[in-house]
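The next block holds one structure in the form of structure tokens; read it before the comments.
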Number of protein chains: 2
Amino acid sequence: MFKYSIRSLLLPIALSFFCVTHSQADVLSANEQVQIEALKNTALNSELSYQIVESLTTEVGHRLMGSEGDKKAIKWAIAKMHSLGFDKVWTEEISGPKWIRGEASARITSPFPQEVVVIALGGSVGTGEKGIEAPVVHFKTFADLKKAPEGSLLGKIAFVSYQMTRHIDGDGYGAAVGTRVAGASVAAEKGAIALIMRSVGTDNNRIAHTGVMRYKDKVKKIPAAALSNPDADLLVNQFSRGKPVSFYLRMTSSNPHGETVKSANVIGEITGSEFPNEIVAIGAHLDSWDVGTGALDDGIGVAMVLASAHYIAQLPKRPKKTLRVILFAAEEVGLLGAKAYIKKHETKMVNHVIGAEWDFGLGRIYKMTPGVGASSLNGIRELAQVLAPMGVALAPTNKARAQSDMSLLSDAGMPSINFSPDGSQYFDYHHTENDTLDKVDALALKQNTAVYTVFAYFATQANINFRK
Amino acid sequence: MFKYSIRSLLLPIALSFFCVTHSQADVLSANEQVQIEALKNTALNSELSYQIVESLTTEVGHRLMGSEGDKKAIKWAIAKMHSLGFDKVWTEEISGPKWIRGEASARITSPFPQEVVVIALGGSVGTGEKGIEAPVVHFKTFADLKKAPEGSLLGKIAFVSYQMTRHIDGDGYGAAVGTRVAGASVAAEKGAIALIMRSVGTDNNRIAHTGVMRYKDKVKKIPAAALSNPDADLLVNQFSRGKPVSFYLRMTSSNPHGETVKSANVIGEITGSEFPNEIVAIGAHLDSWDVGTGALDDGIGVAMVLASAHYIAQLPKRPKKTLRVILFAAEEVGLLGAKAYIKKHETKMVNHVIGAEWDFGLGRIYKMTPGVGASSLNGIRELAQVLAPMGVALAPTNKARAQSDMSLLSDAGMPSINFSPDGSQYFDYHHTENDTLDKVDALALKQNTAVYTVFAYFATQANINFRK
């Protein structure tokens, strides 16, 4: 009985292995199967992607859309693509609003005066040179702030102390980021003169996290800043004494009305030898916030897709389809590069046969989730087979959008793969001064580059229509 | 054979246990043995020491000698001692040089311009309002800087990139701190116009570590600053390109000639019922650097010794000897409080029967090292017996000085115990903005408070002359 039950379990497994082996032969030739393993090993043993992110962070540094750093980064990316053996390299200009960070300082002025570490949220207006001082009203969550009666914050500063939770997939971000994006206008509608919030981050460093915020139309624009986690704790602890709390905030950030700045998507290709008009797209964003050196966000993504393309460019023969690397501009300030890309390539979106972006996490990829036509899932399982020995599991769902910028390409019909890395440490550093080279996990970067290399090779060679 | 060998091993162990039990009865009565266990459990289960450090960091914050924070801290400590049931509370004024931190900013100006995070070393002169820009010469170690030929740094900035190593006992600090204390004058003797160095710290945060520095007499005083570890990495990486490196430094710190500021040691006692003139001293320093909130350095020490004294003050009967808690002033700027204490109490140092300070680490105490008369070592072994179940091992040496301020009291003849905690994380936060309440290990703090409570009770009750 026992033996039989084992057999009845083993039989389908053995069959499925057989099927995979059989169909793999259909998709990749024996030669290509050797090649894909060789590429994987090349990536796993190469320092190239680390060298690329070291170069970007050392020679360029941070690169807010339109800044000097951004201009340098565009030149850097063009030069890097040429030196890595790309066949075509070009830029596609975009424009967007100018924002100047300026300086930010703050202190609790009552009941126990202490200086605190704050950072302006991206896009926030300033306080004026003299700063503002006002009583503070404490809300534990954004929902609580939303519930505050109209007019109840008149002349006051709203403080939301909600703390983001840590998850491997960054799941805590969604619950925390609402305050950052929309909190200022909600507070302003109730009369507040500023919004301060606990940083959207999982660390306990005295370094605050920035990130984009938006104002509602027709609502007064008030300054919005994030406190470092230890400073948010301090403010909460001061509230616990039951005495009135007041706060001084000075931010010289400005958002010059009407002024725009320019940037550009940087695009490079390894041109396909058989189907040059069929595009496999891998991407990352080249811009970063104007703090740190953007090593994780999204330097490693840039490094990974550039290195992957280089390994494929080094093969004796060009891939069948075209491999396109898109380094998007202005992701941080609202996916401006991605929006422009879709507009420009609207009629050719149908040629984008599949795509993947890296813009999250710093640990090893442990999961891949497809978003492809049902008929091509068998092909995806073969890709998964090559990646499985590296600990990458195939998710049982098929609804993924690509990450970040490329999610818009997914929405425009591009079949996509979402490779999920361990992101449990990502929000310790995300959008902070602390996003620097030393945070890069060099071993994980090798693995992740290998995953993107394998994906890129598989997708450019495989005889699969991922839309079907 | 096997049985006999086991027996031959066990016999001396059994005897030694017997001996300890026997002699323990000589030192502490049965009642006192019950009491010491009860005190240990009280401390292990109480939140008091955490509440004290929460109070100090929330209501006072940082407290550089002579600052507003320092003045508040002195008032805070007096009030806290009264509320905790001390019999006597007083202050002993001290004075020392005034130093103003001012602002500090810096950037690499060539070959790849980037802003970096720096902090002025404590006591450094400034650069003048306009700052200075100069070529940088890189030294891997302080020894290398010392070997540089006279005049070779004329008009240049010296950069020492040596990185402190992490050890449980903080052993890496000694090898790294020389540059901080003496580096500026060594560089100045060779013509340098400023010293920049990698922070003495084990973290990789974009937060630099301050700490005291000294100028040699008759050598030009040049500005001295520490870079955060990621910024030191960046500078080293820029050097690796083989191009000339230049650096801009602006520090408005100042050291007004002749101006002094005042502070005070805060001292409290639980007066002995039988030998009030015999003093068991436990201490910590009340001052901190003017960054962070001095939670670890030395807020937890302050909390630990105050809580320990409180538990003993709560006993139905006063201890036999006097328990004195000394909260030293101005440790950070050069043990000024300890020096003043010794001067003031010179004739009464002989009454200090034993002492211990906490001014290192944040993990659990794992080792105690005595520095007592050889004849009293048996008594120390009995104390060790009470602490052993908490994982505290008795070191096999007997040459310890007390920590920090009290090392000067040890040098003046006071028998001492050095309780060593796990300090492997300490230099992640030491002398930085990041030294805040959230870094306190609440469980370790309970254990460590229990150790100091047990020590204090044992020392005030035991019929031992620790000098002999």
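Here, each number is a calculation from the coordinates, and none is a lab measurement. Keep in mind it's a predicted model, so treat the numbers as computed, not measured. Note: ideal-geometry Cβ built from the backbone for every residue, glycine included; neighbour counts use all protein chains shown.
Observations on the model:
- Cβ-vector label at 7 Å, A:N378, separations to other copies in nm: 8.8
- Computed over chain B, the convex hull of the alpha-carbon atoms projects to a mean area of 25.5 nm².
- Summarising the amide proton neighbourhood of B:G283: residues at separation of 5 or more, or on other chains, whose placed amide H is nearer than 5 Å comprise B:I326, B:A356, B:E357, B:W358.
- Centre-to-centre, using Cα atoms only, region B:294-308 and region A:73-102 are separated by 53 Å.
- Length, then width, then depth: along the principal axes, the Cα atoms of the protein assembly as shown run 97, 81, 71 Å.
- 18 Å reach of a label modelled at B:L154, 7 Å along Cα-to-Cβ, counting backbone N of region B:104-145: B:134-137
- A cut-off of 5 Å between modelled amide H atoms, ignoring neighbours fewer than 5 places along the same chain, links A:K367 with A:A393, A:S420.
- ³J(HN,Hα), Karplus 6.51/-1.76/1.60, whole Hz, each residue of region B:53-60, x for Gly, Pro: 6, 5, 4, 4, 6, 7, 8, 10
- Interatomic Cα distance distribution for region A:49-205, bins of 5 angstrom, percent: 2, 7, 13, 14, 15, 14, 12, 9, 7, 4, 3, 1, 0
- Taking every DSSP beta bridge that has both ends in the protein assembly as shown, the antiparallel portion is near 55%.
- Each other copy holds its own label point for A:E129; taking that point as 7 Å from Cα along Cα to Cβ, the gaps run 1.5 nm, nearest first.
- Integer Hz, Karplus 6.51/-1.76/1.60 couplings in order for region B:387-393, x for Gly and Pro: 8, 4, x, 8, x, 9, 9
- Closest approach of a chain A beta carbon to the axis mapping chain A onto chain B (residue, whole Å): A:N205, 3.
- Per-residue average of Cβ from other chains inside 10 Å of B:199-207: 4
- Cα-based Kirkwood hydrodynamic radius, region B:118-267, one decimal, Å: 15.8
- Beta bridges per DSSP with both ends in chain A, % antiparallel, nearest 5: 55
- q = 0.14, 0.28 Å⁻¹: log10 I(q)/I(0) that the Debye formula gives for region B:37-97, counting C-alpha atoms only: -0.52, -1.18
- B:E37-B:L377 FRET efficiency (beta carbon distance; Förster radius 30 Å; 0.05 resolution): 0.85
- Geometric descriptor of region B:306-383, per residue, is 152 Å³ (volume of the convex hull of the Cα atoms).
- Rounded tilt (10° steps) of A:442-461 against the dominant C-alpha axis of chain A: 50
- Pairs from the list A:K72/A:K439; B:K75/B:K339; A:K71/B:K439; B:K72/B:K218; B:K218/B:K243; B:K71/B:K367 with a Cα-Cα gap above 30 Å: A:K71/B:K439; B:K72/B:K218; B:K218/B:K243; B:K71/B:K367.
- Sequence-separation-based contact order of chain A, relative, with Cα cut under 8 Å and 6+ spacing, percent: 22
- Remark: region B:31-45, residue by residue, has Karplus-estimated 3J(HN,Hα) of 4, 5, 5, 5, 4, 5, 5, 5, 4, 4, 5, 4, 5, 5, 10 Hz, where x stands for each Gly or Pro and the curve is 6.51 cos²θ - 1.76 cosθ + 1.60 at θ = phi - 60°.
- In terms of packing, defined here as the mean over residues of other Cβ atoms within 10 angstrom, the peptides B:380-388, A:419-427, B:125-133 line up highest first as A:419-427, B:380-388, B:125-133.
- Set of aspartates and glutamates with alpha-carbon distance to A:K216 below 14 Å, sequence-local pairs under 8 removed: A:E189
- Normalised contact order of region B:76-191, rounded percent, pairs of Cα under 8 Å and 6 or more residues apart: 19
- Burial order of peptide ranges A:30-36, A:185-191 (average beta-carbon count within 10 Å, highest first): A:185-191, A:30-36
- Global geometry of region A:353-410, whether rounded, prolate or oblate, following the gyration tensor of its Cα atoms and the 1.5 cut on a/c: oblate
- The alpha carbons of region B:274-422 stretch over 43, 36, 35 Å along the principal axes, in descending order.
- Solution diffusion estimate, µm²/s, Stokes-Einstein, region A:81-155, Kirkwood Rh from C-alpha pairs, 4 °C, viscosity 1.567 mPa s: 74
- Per-residue mean of C-beta atoms belonging to partner chains within 10 Å, peptide B:76-83: 0
- Here's how it looks for B:G272: its modeled amide H is under 5 Å from those of B:T322, B:L323, which are all 5 or more places away or on a different chain.
- For peptides A:334-342, B:228-236, sequence by mean Cβ density within 10 Å, most packed first: B:228-236, A:334-342
- Helix A:172-189 axis versus longest C-alpha principal axis of chain A: approximately 40°, rounded to the nearest ten.
- The distance from the alpha carbon centre of region B:376-394 to that of region B:192-237 is 41 Å, rounded to a whole number.
- On Cα atoms only, tilt of A:68-83 relative to the major axis of chain A in degrees: 10
- Computed over every Cα-Cα pair of region A:183-341 and binned at 5 Å starting from 0, the pair-distance distribution P(r) comes out as 2, 7, 11, 14, 14, 12, 10, 8, 7, 6, 4, 2, 1, 1, 0 percent.
- Residue by residue along B:436-447, Cβ atoms of other protein chains within 10 Å of the local Cβ number 2 on average.
- Plainly put, the tip 7 Å out from Cα toward Cβ on A:T260 is 6.7 nm from that tip on each other copy, the closest given first.
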